[in-house]
Amino acid sequence: MRSWRIFGSIAALAIAGPAWPQTATAPMPSPDSRSLTAQGELARRVVAEGKVPGIVILSAVGNSMPHMVAEGRIAIEPDAPAANADSLWRIYSMTKPITGIAAMILVEEGKLRLDQPISDFIPAFKDMKVLVDPAKDLTSRPATRPITVRNLLTHTAGLGYTIVTKGPLLVEYNRLGINPAQVNALLEPGMRAARPSTLEEFANRTATLPLIADPGTKWSYSIGLDVLGRVIEVAGGIPFDQFVNTRIFAPLKMQSSFWTVPQAKAGILATNYMAPKVAIDQGATSVWLQPPSFPYGGAGLVMSARDYDRFLHMLLNGGELDGARILKPETVRLAMSDLLPPSVDRSTLAQMTADTGAPMGFGAGGSVYLADVPGGPGKGTYGWAGAAGSIGWVDPAHRLRATMMINSFSEQALKRETSKAIYADLAR
């Protein structure tokens, strides 16, 4: 299971005019090198230096069609397809904001309440225990309060994550297969053998384990958004992935967003790398071509940059895009606001996002800037990043949306570098 911990190679978020074409295969505009100087230079440099074989950056202000910077290919092989707006990338934890917004749809409809106990939907979470000494053993005491929907959205439920949890609780997470994500075809059989085969069983198994802290008291990166997937399917009345597909992807015409990549799309799925020239998951034989054990709300999607931009564009527009309304503007504002409980210990979040240069809160599955960064993200910027190097955010203060796609566990610095380049170009 030590190999599984490579998935923890994550870094925190660096954070009305022409609309997108209606079809996912419509051509992107040609990059304008004069207005994308910093982004273009960054992309050319990282490909030339061999840090990644290819990169795609989309950025736009307001409702304008996004500028695209695309350099290199989706794999190191010289005959690999060029990276472009429709290339497919493993977005891992960039799935979390999508799951968060799915939950907010149900909040808006009155089928969920932010401070509603999740035991209303998953009875196994009725009487949770909390570890007395997480480093020592599994001795536990009764939790002082129930886990709520808000807690799952904001990583304050007291749940663990195999990528950050340590000690005896990590052993139990591994024993029970609480590992909701895919890495490659080599690791998957062992992970799948331990992992529950349904989202319902995953949630129920998780509920048998003690928490690392009382709900609502500490921010700790977790499987909260994966458990939230089960809440969504119970409250929504249909399987979690179908809910996301029908309530978000279909109306937004996100036609290249997959829980399982179709075999016909294998040729445009980027290879994922452990190091610049060490492939960990080849696109043509990827584990993502197989159905997962269940849909992973925290790290389960493969998407194109074009599709993620459409999701962000909807948020920037206050919940609507091209006539399709996903949420009311007030619900979007709530989702992108700081939803953390007032007295929560934010020290771990502060450490994880220290290089942003601003205090951070947390909204519906993504971080939220609580202050402006001079020359950078504005207060209210919302988004998150992925373990394989990708990042996406919306900045309401600057009316900006941005997506960067690569697939490399080893190349994490590009998230912050991309943010700096985009704001440098914006300043021009």
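Scan the stretch 181-227 for residues that are in a loop (DSSP other than H, G, I, E, B), more than 21 Å from V130 (Cβ to Cβ) and not basic (K, R) and the total you get is 10.
From the list G236, G283, exactly one residue is assigned by TED's automatic domain parsing to the domain that holds A203 and either small (G, A, S) or farther than 20 Å from M405 by Cα (or both). Which is it? Outline the logic, then answer.
Details: G283 fails: assigned by TED's automatic domain parsing to the domain that holds A203.
Just a single option satisfies the conditions, and that option is G236.
Listed by first and then second residue, the pairs with beta-carbon distance under 8 Å, at least 6 apart or on different chains, first residue in the stretch 61-83 and more than 30 Å from R428 (Cβ to Cβ), second modelled with pLDDT of 95 or more and β-branched (V, I, T), are A75/T271; I76/T271; A80/I74; A80/T271; P81/I74; P81/I268. Evaluation of G297 against the conditions (1) within 12 Å of T95 (Cα to Cα); (2) at pLDDT below 95 shows that the sole unmet condition is (2). When the stretch 9-29 is filtered for residues that are out of contact with any helix residue (DSSP H, G or I) (no Cβ under 9 Å at 6 or more places or on another chain) and at pLDDT 50 or above, the ones remaining, listed by number, are P27, P29. Looking for something in the same structural domain as A207 (by TED's automatic domain parsing) and among the basic types (K, R) - is there at least one such residue anywhere in the stretch 113-122? No: zero hits.
Checking each residue in the stretch 154-177 for being outside any loop (DSSP other than H, G, I, E, B), buried (at least 19 other Cβ atoms within 10 Å of the Cβ) and in contact with a strand residue (DSSP E or B) (Cβ under 9 Å, 6 or more places away or on another chain) picks out T154, L169. State whether one or more residues within the stretch 62-73 are under 30 Å from G229 (Cα atoms) and part of a loop (DSSP other than H, G, I, E, B). No, the conditions are met nowhere in the stretch 62-73. Take A371 and decide whether it is at pLDDT below 95 and more than 14 Å from Y92 (Cα to Cα). No: the conditions fail for A371.
Here's a check for you: in the stretch 34-65, which residue that is in contact with an Asp or Glu (Cβ under 9 Å, 6 or more places away or on another chain) and modelled with pLDDT under 95 is surrounded by the most Cβ atoms within 10 Å (Cβ to Cβ)? Across the stretch 34-65, the extreme among qualifying residues is L36. Residues in the stretch 76-100 that are assigned to a loop (DSSP other than H, G, I, E, B) and of a type in the set (S, T, N, Q) were compared, and the one that is nearest to R150 (Cα to Cα) is S87.
Tallying residues that are in a loop (DSSP other than H, G, I, E, B) and surrounded by 16 or more Cβ atoms within 10 Å (Cβ to Cβ) within the stretch 101-139 yields 9.
The values are calculated or read from the model by the stated rules, or taken from the named source; none is laboratory data. Quantities reported herein were computed from a predicted structural model and do not represent experimental measurements. We place every Cβ from the backbone using ideal geometry, glycine too, and count neighbours over all the protein chains shown.
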